[in-house]
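The values are calculated or read from the model by the stated rules, or taken from the named source; none is laboratory data. Just so it is clear, the model here is predicted, and its values are computed rather than measured. No Cβ is skipped: glycine too gets one built from the backbone with ideal geometry, and neighbour counts run over all protein chains shown. SASA here: full protein model, heavy atoms, side chains in, ligands and nucleic acids out. Shrake-Rupley method; radii C 1.70, N 1.55, O 1.52, S 1.80 Å.
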Amino acid sequence: MGNELKEEFKNLSSIDQLNKMVQRFIDLAAKDEHTNHGFPKTAYGFSKVAFSLYTKLLDGEFQKDDSRPGMVAFAADPGWVVTDMSSGTGKKNIDEGADTLVWLALQPKGATEGRGEMFSNRKLNQVFV
């Protein structure tokens, strides 16, 4: 992403704002103009960045919601897994790809380290630096 767009992305403060930026990407990509406006070349790459920010924003909503005590949002990158999507060329089998997702789901109640962030191979993978 271009630096200007990266800063704009970092400063989004609501899911509604994120949805508007995603729609902007979709509209520009439909005209093959998205890279002219600082967006990444691939929809897949952009979707990962957008999903990471969505997780951060969603976790912020959980923190404000007294009816959901202890609720935490995490994102996980399973890695390159042998699936139809990878045309069977992944480096991890299904169980290995699921490891970080299961590990996050089984975090003890009240675990907050890395909340709203992306994890890969059980390690924090900060998308926004």
* For D66, indicate whether it is free of Cβ contacts under 8 Å to residues at least 60 places away in the same chain and not in a helix (DSSP H, G or I). => yes
* To do: Select, from G79, G97, the only residue that is at pLDDT below 90, of a type outside the set (A, V, I, L, M, F, W, C) and open to solvent by less than 50 Å² (accessible area, probe 1.4 Å).
  => G79
* Structure fact -> A careful count of residues in region 103-129 that are of a type in the set (A, V, I, L, M) and over 17 Å from the mean Cα position of the chain (by Cα) gives 2
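Which ones in region 100-123 are of a type outside the set (A, V, I, L, M) and buried (at least 16 other Cβ atoms within 10 Å of the Cβ)?
T100, G114, R115, G116, E117, F119 - these are the residues of region 100-123 that are of a type outside the set (A, V, I, L, M) and buried (at least 16 other Cβ atoms within 10 Å of the Cβ).
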* **Conditions (1) in contact with a Phe, Trp or Tyr (Cβ under 7 Å, 6 or more places away or on another chain); (2) closer than 26 Å to K10 by Cα; (3) modelled with pLDDT under 90: number failed by A73** => (3)
* Asked: Out of region 75-124, which residues are in contact with a strand residue (DSSP E or B) (Cβ under 6 Å, 6 or more places away or on another chain) and in a loop (DSSP other than H, G, I, E, B)?
  -> G79, G90, G114, E117
* Structure fact -> Taking first residues from region 23-45 that are free of Cβ contacts under 8 Å to residues at least 40 places away in the same chain and second residues anywhere that are open to solvent by less than 90 Å² (accessible area, probe 1.4 Å) and not in a helix (DSSP H, G or I), the pairs with Cβ under 7 Å that are 6 or more apart or on different chains are F25/F39; L28/F39; G38/M1; G38/G2; F39/M1; P40/M1
* Looking only at residues in region 8-22 that are polar (S, T, N, Q) and under 14 Å from K56 (Cβ atoms), which one is least open to solvent (accessible area, probe 1.4 Å)? -> S14
